1. Sort out which residues of the range 219-238 are farther than 21 Å from D162 by Cα and either part of a helix (DSSP H, G or I) or open to solvent by 40 Å² or more (accessible area, probe 1.4 Å) (or both), and write them in order of number.
2. Of the conditions (1) part of a helix (DSSP H, G or I); (2) in contact with a strand residue (DSSP E or B) (Cβ under 9 Å, 6 or more places away or on another chain); (3) modelled with pLDDT under 95, N52 clears all except one; give me its number.
3. Restricting attention to the range 266-308, and to residues there that are in contact with a Cys (Cβ under 7 Å, 6 or more places away or on another chain), within 17 Å of V152 (Cβ to Cβ) and modelled with pLDDT of 85 or more, which single residue is least open to solvent (accessible area, probe 1.4 Å)?
4. Going through the range 2-15 one residue at a time, which ones are at pLDDT below 90 and open to solvent by less than 80 Å² (accessible area, probe 1.4 Å)?
5. Pairs only if they're at least six apart or on different chains, beta carbon under 8 angstrom, first in the range 4-26 and under 18 Å from V296 (Cα atoms), second charged (D, E, K, R) and part of a loop (DSSP other than H, G, I, E, B); list them, first residue then second.
6. Condition first: charged (D, E, K, R), surrounded by fewer than 12 Cβ atoms within 10 Å (Cβ to Cβ) and at pLDDT 80 or above. Now tell me which residues in the range 195-218 satisfy that.
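The values are calculated or read from the model by the stated rules, or taken from the named source; none is laboratory data. Not measured: the values here are computed from a predicted model. When we count neighbours, we look across all protein chains shown, and the Cβ atoms used for this are built from the backbone with ideal geometry, even at glycine. Note: accessible area is taken over every heavy atom of the protein model, side chains too, but ligands, DNA and RNA are not part of it. Shrake-Rupley method; radii C 1.70, N 1.55, O 1.52, S 1.80 Å.
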Amino acid sequence: MNGFTNILYFADGELSMTPALQRAIRLAYHNQATLTLMDVADRLSPNGSLKNRLKLDINEIVQRFHQQSLSDLISGVSQLKHPIGVKVASGWGFIEVIREVMRGSYDLLIKSARYGCHQGLSSSDMHLLRKCPCPVWIDRAEAATPYRRILVAVDPNSEHQDDCADRALELGSWVAGDDGSRLVLVHAWELPGESMMRSGLLEFENHQLESLLAEARLKQELAIHGLLERHQLTPAEVDVQLRKGPPAEVIHDVSEELSADLVVMGTVGRTGIPGFIIGNTAEDVLQSSGCSVLAVKPSGFVSPVEPE
């Protein structure tokens, strides 16, 4: 990965210099990328008397206020290779942002978590994670310092045959290199039917079960090795955490143990159900994680949001 070239920062009503905006500016500087700041104002009911007096619709007034506020934010920013753009729309926040992503062919959307680092993600945040076609970076950092530990959660044996594991590792390793962070790769695995085998419902001897467990673990180890090899990474460069257990629990536990600053993970498509791009594991991780998250879509993902 050669970095980002076209970054969109979504203010989401926060018209101040947030750590997420500082990170977006830093990314644009390091990548010599184009950066655009965007906000979406609620569409208000027209006020006839106000329009007659000011010759402006109430929505135009609100948009101008947001436009000026965003422009003021970047007035003191050092000159980047490309001038920072400012765009303001009115309507539903996540819908207008996704439409802008599609119009502008952005390769990253970054924003602050609406409720900060101590609460779950907002419905708007989750809509973006589910439906935005480009990677979505939701920053929960309280300061714009470089991340120390980046956790990449993968499933190289995904039954959906998507490329999320490769895309997540590619993105996570690039961010880790840019920030000088420790890169941690976590994969959770389970043996289907193990509880039934242990319960006695199936006639399995202990040595047979242990043999099956060893085979299952070896399969996971080989898959992780292949994933690292494809990206020319070695165990010396990546801390591999291969653990047995439910994926959401394992990812949460490793994140807590290592005090991860960012979790990078792919989302899993549910074929035939438009808009439901995030699987149960990703939903659980994204909502329960107290750190920043970076969600990656599989290749070929088509957003359910209709262009204008």
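1. T234, P235, A236, E237
2. So the condition that N52 fails would be (2).
3. The extreme case among them is V296.
4. If the condition is that a residue be at pLDDT below 90 and open to solvent by less than 80 Å² (accessible area, probe 1.4 Å), then G3, G13, L15 are the ones that fit.
5. F4/D107; T5/D107; N6/D107; I7/D107
6. Going through the range 195-218, the residues charged (D, E, K, R) turn out to be 198, 203, 205, 210, 215, 217.
From the residues that got through so far, the ones that are surrounded by fewer than 12 Cβ atoms within 10 Å (Cβ to Cβ) too are 203, 205, 210, 215.
Passing the criteria: E210, E215.
This table checks each residue for (1) among the aromatic types (F, W, Y); (2) crowded, with 18+ Cβ neighbours inside 10 Å; (3) touching a Gly at 6+ places or on another chain (Cβ under 7 Å).
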{"site": "S71", "(1), (2), (3)": "no, no, no"}
{"site": "K81", "(1), (2), (3)": "no, no, no"}
{"site": "A89", "(1), (2), (3)": "no, yes, no"}
{"site": "V97", "(1), (2), (3)": "no, yes, no"}
{"site": "A144", "(1), (2), (3)": "no, no, no"}
{"site": "V152", "(1), (2), (3)": "no, yes, yes"}
